[in-house]
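Bear in mind that the values in this text are calculations on the coordinates, not laboratory data. Here the structure is a predicted model, which means the values were calculated and not measured.
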Amino acid sequence: MHAGMRFIFHCAALLVALTAAGCAHEIALPGGAVMVSSGQGILRFVPEDNGSVYLMDAASKHPIYAQHIFRGDTVLIDPAQDRIEIRGQVNDHKQKLNCDHVYRIYFDRDS
């Protein structure tokens, strides 16, 4: 196999591995995470420490979004607009938010 074909083969293998890993990844809520906000409609949270924020749909009881954030960052969840915003920037998320669902924000402070 010449160098060009080997390069293409390795790129394709890497792409398949990354895609498979992304599909299998589920977000786990750490044992030390604390619920900091809950409800229907818009939720806001501003941490006093650095850490990770988790969004859980109460109906599924599984975290659907996670992001490391810094002290003072504003986290805004707006299910009606299907919007997750951190530091004023919209963040991509896989599961569509539903305005009829109850959402919970959990925070796990950095140790």
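Things worth noting here:
- For region 99-111, Karplus couplings with θ = phi - 60° (6.51, -1.76, 1.60), whole Hz, Gly/Pro x: 5, 8, 8, 8, 10, 10, 9, 10, 10, 10, 5, 4, 8
- HN-Hα J in Hz across region 34-44 - Karplus 6.51, -1.76, 1.60, θ = phi - 60°, x for Gly and Pro: 10, 6, 10, 6, 7, x, 9, x, 6, 10, 10
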